[in-house]
Amino acid sequence: MSDNYLPSEIVLEILHRLPVKSLVKFTSVCRAWNSLITDRTFISDHLSRTLIQASNGHKGSLFFQFCLGRNLRWHEPPREYAYSLYSTTNQQTDHHFSVQRFPLPCLSFQPDHCAWFGGACNGLVSSAHHSRSSGSVTFLIWNPLLRKYVVLPKPLMTRNRDVYIRYFGLGFDSRNNDYKVVVLMQTHSGQENDHLEVYSLVSRSWRSVAISVPKFFLDVEFRSLPLFVNGAMHWVIHRMKDGSIQRSILSFDVTEETFGELTLPLQSNEKSNISTTLLVVEGGGRLAVVNHPRKGTGCFLHIWVMKEYGVTDSWTEILHLPCGARRCTGRRLDVLALTSNGKGIMRRLDGGAIVLVDPTKKSMELMGQKADAAYTGCYVESLFFINKEFDALSF
């Protein structure tokens, strides 16, 4: 095919505006287009444009839902490991969702295996698969739209079975155009300090980061899921202070590789009968938290958004919802994400269905199939893994 009809600059501008699925098809048009579309610079520029469009609301975003197939007994292998991509038109008046379901990358799941969600970031998704019997952990990074994934080598410290993972997540280093998996580990004995390792997708290797890790402990009831916002990974952490639990947000700048800490809304530390988790907001540019009442302590979920990143006074309560019927004895709704027009994507704990809740109309719309667990991240299209540079596998 000849490019004489249009200047190369115009062709490049057109290709930058096309969706990933179209670009995949166009790699077969000719060698020149294949070389252009699979070039790292083109991949990076296409992602940058996609992120700008998503943040400005000009393009519908995708919510990523990680689903585990239902188990009848704890010792049985899962019937299905699958995920769904929920695409929204991002209109101000309404949202229309289309759903695509795929299997997870094919691994030999055993009865004692469990999967952890490590977050979605700039078109890629991370997960970890843990064997309870051997203690081994397998990390994956995958591109859902391209159906390609890579299996990461074992972290340096986890070769010792005395080590367990406290937190891990996926982030993007904008300075070096590199995806990084961050893993925070600790020994079972607790005699050694916490250990931090970072995997670089560009260098395809792990390295230890010599940095002091803030002291904190985990909430045994709610495990904090990672959230990548403003160039940093975020987790909710807990400390004991003056005989009470104090909560805050631990941040890790993926580019600078430094820790920071953000203050939660005042309500999060005023009451001891709630637990706080991070929440995904459509567009991916803001932090949000949801305060869950513990069992038997109330029937409302309180949702807060940080309007200006890093500014404590900008926390604004935007939504509070009843978590169930009048005689509710615990959480009945698990809040997963917020849309740009204030609706909530939630999982019903009395059946596992994924629903879209409109607090203004007091309506509930069924979105997805029932799931034992669901973790949501803000997702955009990406061409990463389209070339052969990373030896990605297909699924």
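Give the long-range amide H neighbours of Leu336: residues separated by 5 or more places, or on another chain, with amide H under 5 Å away, using H modelled in the peptide plane at 1.01 Å from N.
Long-range HN contacts for Leu336: Ile345, Met346, Arg347.
What are the residues whose amide H is under 5 Å from the amide H of Gly118, where those residues sit 5 or more places off or on another chain and H is modelled from the backbone?
Ser126, Ser127, Ala128
Would you kindly derive the ³J(HN,Hα) couplings of segment 278-291 from the backbone phi angles with the Karplus curve 6.51 cos²θ - 1.76 cosθ + 1.60 (θ = phi - 60°), listing them in order in whole Hz, with x for Gly and Pro?
Coupling constants for segment 278-291: 6, 9, 7, 10, 3, x, x, x, 9, 7, 8, 9, 10, 9 Hz.
Could you work out how far apart the two model spin labels at Asn177 and Ile245 are, taking each label as a point 7 Å from the Cα in the direction of the beta carbon, and quote it in nm?
4.5
Modelling each spin label as a point 7 Å along the Cα-to-Cβ direction, I'd like the Leu366/Asp313 distance in nm, to one decimal.
In this crude label model, Leu366 to Asp313 measures out at 4.8 nm.
Provide the packing ranking of 118-129, 141-152, i.e. peptides ordered by the mean count of other C-beta atoms within 10 Å per residue, highest first.
Details: 118-129: 24.3, 141-152: 20.5.
Highest to lowest by the protection proxy: 118-129, 141-152.
Report the gain in length on full extension from Val24 to His320: 0.36 nm times residue separation, minus Cα-Cα distance, nm rounded to one decimal. Before the final figure, lay out the partial values.
Numbers: separation 296, 0.36 × 296 = 106.56 nm, distance 4.30 nm.
That works out to 102.3 nm of additional length.
Every number here is computed from the coordinates shown, using simple stated rules; none is lab data. Computed from a predicted model, the values in this text were never measured in an experiment. Because the Cβ atoms are built from the backbone with ideal geometry, glycine has one as well, and the counts that use them run over all protein chains shown.
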